[in-house]
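Note sheet for the following structure.
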Amino acid sequence: MDERMTEKEQATALIEEYAKLQRIKAAEDKDGEIAYQIKITKAKLEALGIVTEDLDR
């Protein structure tokens with residue numbers, strides 16, 4: 001099975017990334033929004049079996 005992303009999937013992922021950045025930019029509590037985005041992204045990575053503890057600073 002070919003696991004590469006199609007152009008449509010790539011576009012969707014980039015639109016989602018752009019929307020996340022816009023949310024951070026517009027947030028009254030930027031630090032809180034960044035923490036939320038990190039929490040959601042870590043949950044998605046861990047659901048795919050990717051260990052995230054080495055990514056933390």
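Could you please let me know if Arg23 is open to solvent by 100 Å² or more (accessible area, probe 1.4 Å) and assigned to a loop (DSSP other than H, G, I, E, B)?
Details: open to solvent by 100 Å² or more (accessible area, probe 1.4 Å): yes; assigned to a loop (DSSP other than H, G, I, E, B): no.
For Arg23, the condition - open to solvent by 100 Å² or more (accessible area, probe 1.4 Å) and assigned to a loop (DSSP other than H, G, I, E, B) - is not met.
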State which residue pairs qualify: first residue of a type outside the set (Asp, Glu) and inside segment 35-47, second residue surrounded by 11 or more Cβ atoms within 10 Å (Cβ to Cβ) in any location, beta carbons under 8 Å apart, and separation of 6 or more residues or different chains.
Gln37/Lys20; Gln37/Arg23; Gln37/Ile24; Lys42/Thr52; Leu45/Thr52
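The values are calculated or read from the model by the stated rules, or taken from the named source; none is laboratory data. Keep in mind it's a predicted model, so treat the numbers as computed, not measured. Counting neighbours? That spans all protein chains shown, and the Cβs are built from the backbone with ideal geometry, glycine included. Surface accessibility is based on the protein's heavy atoms, side chains included, excluding ligands, DNA and RNA. Shrake-Rupley method; radii C 1.70, N 1.55, O 1.52, S 1.80 Å.
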